[in-house]
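The values are calculated or read from the model by the stated rules, or taken from the named source; none is laboratory data. Fair warning: this is a prediction, and the values are worked out from it, not measured in the lab. Counting neighbours? That spans all protein chains shown, and the Cβs are built from the backbone with ideal geometry, glycine included. Surface accessibility is based on the protein's heavy atoms, side chains included, excluding ligands, DNA and RNA. Shrake-Rupley method; radii C 1.70, N 1.55, O 1.52, S 1.80 Å.
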Amino acid sequence: MNLTAEEKRIATETTRQLLSTYNDSRGNLIPVLQQVQNKLGYVPAVAMEEVAAHFNVPAVDVYGIITFYNQFRLTPPGKRQVKICMGTACHMRGAQIIQESWERRLNIKMGETTEDREYSLERVACVGCCTMAPVVLINEEVHGKITPTRVDGLIFSHQLDKQKEKEGAARDE
Amino acid sequence: MAETVTITIDDRQIQAAPGEMLLWAALDNDIYIPHLCASREEAHPTASCRLCFVEVEGRPAPVPACTLPVTEGLVVKTRSPQVDSLVAMGFELLMSNHRLDCKNCSANGNCELQRIAKARKLRLKPKNLPVLDKNLPVDDSAANIVYDPNKCVLCGQCVRACRKSGNGTLGFARRGYLRVVTTFGGVPLGESNCTNCGACVKVCPVGALAQK
Ligand code: SF4
Ligand code: SF4
Ligand code: FES
Ligand code: FES
């Protein structure tokens, strides 16, 4: 995923600002990364490099931490954050297949964002609607009893919404 | 304090420096204990490969030899039914996601996995577990190093060597089954800050890192 120069600048500045309030003791490393994630919604390479320099560790170690924990994202979240429930009930009812459908349809892998920034994909633990398994959250909206065809349906309805928005905007001009 | 202590390994009496890890004391006296992840320089062994188990007199369960400092009068056995079954299990798990291709492997004949298999009469090919091939791309982008992550046993030797002699290029990423040794951002070695020093190739106990 290529970030714009503006995104890189914001990421670098935000990270530097956060780092200025922490000393270089190793115990601060993860808290700083969590702050970066909170502020930016993700932790891009430029931010990892800043953090690595501050704590005087190889950049690959920061990358190691980011990829170890599920809570971190490497890419900016999409406009529609698709979260696939991987709880026990959903797992038993084919969450894996649902994951694959999204990956195939959007042409990205878990944790990634589409080039147009419309969608990002992630896995979450039980979202508490097990009777509707398998469950997918799109932003905060719950969708239950998901099948591959419903994945197609959801994407199609998003496209329709988008088109309507465009037409509406055109009319308003 | 005495200069050396006397310990007993497999009924043989051996002199060793007090505090030295048993694994090194044994190896220095030509007693082989399987091992992949240990390193002499490391004060705090990661003890991640779980292959160096020994039986210690007075202890209920086997202990990794790379984490056991020797003390006067220590008595250990490198083999016992418990040790053997732990090592066999660990080895089988290791080999269940190792791309086995000795004929075409740079480490053939000088491979720690082959050594362990021979010493403990174990099969390289798992008998009870299916073999999972991660099918990760082989990285031959660097000037003189080829890296096949499918053969990596995650011992961490290269990561340490890279920090000492190289640029701190290599490190661990991800976790569980997906754990890999890789570069910052997971880019090929040729696009990383790798200096091509080759220190990683020298320490890799298997054929994962090889000279071109
Ligand atoms: S690393 Fe060792 S066991 Fe694996 S293919 Fe090479 S020689 Fe064979
Ligand atoms: S590449 Fe070789 S030295 Fe590095 S962790 Fe893998 S097996 Fe060990
Ligand atoms: S397991 Fe998915 S909602 Fe509970
Ligand atoms: S050598 Fe002791 S656990 Fe790896």
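Note on the stretch B:134-211: with neighbouring protein chains present and a 1.4 Å probe, carbon and sulfur make up 53 percent of its accessible heavy-atom surface.
By the Stokes-Einstein formula, at 1.002 mPa s and 20 °C, chain B with its Kirkwood radius over alpha-carbon pairs has D equal to 117 µm²/s. Using a Förster distance of 51 Å, how high is the FRET efficiency between B:Lys127 and A:Glu13, based on the Cβ-Cβ distance and rounded to 0.05? E(calc), rounded to 0.05, equals 0.35. In order along the stretch A:167-172, the phi-based Karplus estimate (6.51 cos²θ - 1.76 cosθ + 1.60, θ = phi - 60°) of 3J(HN,Hα) comes to 4, x, 4, 5, 5, 5 Hz; Gly and Pro are listed as x.
Counted by Cβ distance under 14 Å from B:Ala142, the other residues give a net charge of -3, where Lys and Arg count +1 and Asp and Glu count -1. Restriction of the trypsin sites (Lys or Arg not before Pro) in the stretch A:133-173 to DSSP coil positions whose beta-carbon has at most 13 other beta-carbons within 10 angstrom yields A:Lys145. Here the stretch A:5-68 was treated as a single set of alpha-carbon atoms; its pair distances binned every 5 Å from 0 give 4, 20, 36, 26, 12, 2, 0 percent. Summing both sides, the accessible surface hidden between A and B at a 1.4 Å probe radius is close to 1100 Å². Compare each residue of the stretch A:50-71 in its chain alone against the assembly with all protein chains, and report those whose accessible area goes down by 10 Å² or more; 1.4 Å probe, heavy atoms. When all protein chains are present, A:Pro58, A:Ala59, A:Val60, A:Asp61, A:Tyr63, A:Gly64, A:Thr67, A:Phe68, A:Asn70 each give up 10 Å² or more of accessible surface. From helices alone, chain A scores -16500 deg cm²/dmol at 222 nm; the rule is -39500 (n - 2.57) for each run of n ≥ 4 DSSP H residues, then divide by the residue total. Please state the charge dipole magnitude for the protein assembly as shown, taken about the Cα centre, from unit charges on C-beta atoms (+1 on K and R, -1 on D and E), reported in debye and rounded to the nearest 20. The dipole magnitude comes to about 940 debye. Computed over the stretch A:72-162, relative contact order equals 35 percent, with contacts defined as Cα pairs under 8 Å that lie 6+ residues apart.
Normalised by the number of residues in chain A, the mean separation of alpha-carbon contacts (under 8 Å, six or more apart) gives a relative contact order of 17 percent. Shielding of peptide B:175-184 by partners, expressed as the average count of other chain Cβ atoms within 10 Å per residue Cβ, is 3. Only Cα pairs under 8 Å and 6+ residues apart enter the sum, and on that basis the relative contact order of chain B stands at 18 percent. Annotation for B:Cys102 and A:Lys145: the two label points, set 7 Å from Cα along the Cα-Cβ direction, are 5.7 nm apart.
Only helices enter this figure: runs of n ≥ 4 DSSP H residues, each worth -39500 (n - 2.57), summed and divided by the residues of chain B, yield -6000 deg cm²/dmol at 222 nm to the nearest 500. Here the stretch A:2-71 exposes an accessible surface that is 46 percent carbon and sulfur, computed with a 1.4 Å probe and the other protein chains kept in place. Sorted from longest to shortest, the spans of the Cα atoms of chain A along the three principal axes equal 50, 49, 24 Å.
Peptide A:29-42 has a mean of 0 when you count, residue by residue, the C-beta atoms of other protein chains within 10 Å of its C-beta. Accessible area per residue for the stretch A:5-68 is 48 Å², calculated with a 1.4 Å probe on protein heavy atoms, without ligands, DNA or RNA.
To the nearest 20 Debye, how big is the dipole of the stretch A:80-170 about its Cα centre, given +1 on the beta carbon of each Lys and Arg and -1 on that of each Asp and Glu?
Numbers: 13 positive and 13 negative charges, 55 e Å.
In total the dipole reaches around 260 debye.
Karplus-derived 3J(HN,Hα) values for the stretch A:124-129, using 6.51 cos²θ - 1.76 cosθ + 1.60 with θ = phi - 60°, are 10, 7, 2, 9, x, 10 Hz; glycine and proline are entered as x.
Per-residue Karplus couplings for the stretch B:154-161, computed as 6.51 cos²θ - 1.76 cosθ + 1.60 with θ equal to phi - 60°, are listed in order as 6, 6, x, 4, 5, 4, 5, 4 Hz, Gly and Pro entered as x. The mean accessible area for residues of the stretch B:134-211, using a 1.4 Å probe and ignoring ligands and nucleic acids, is 44 Å² per residue.
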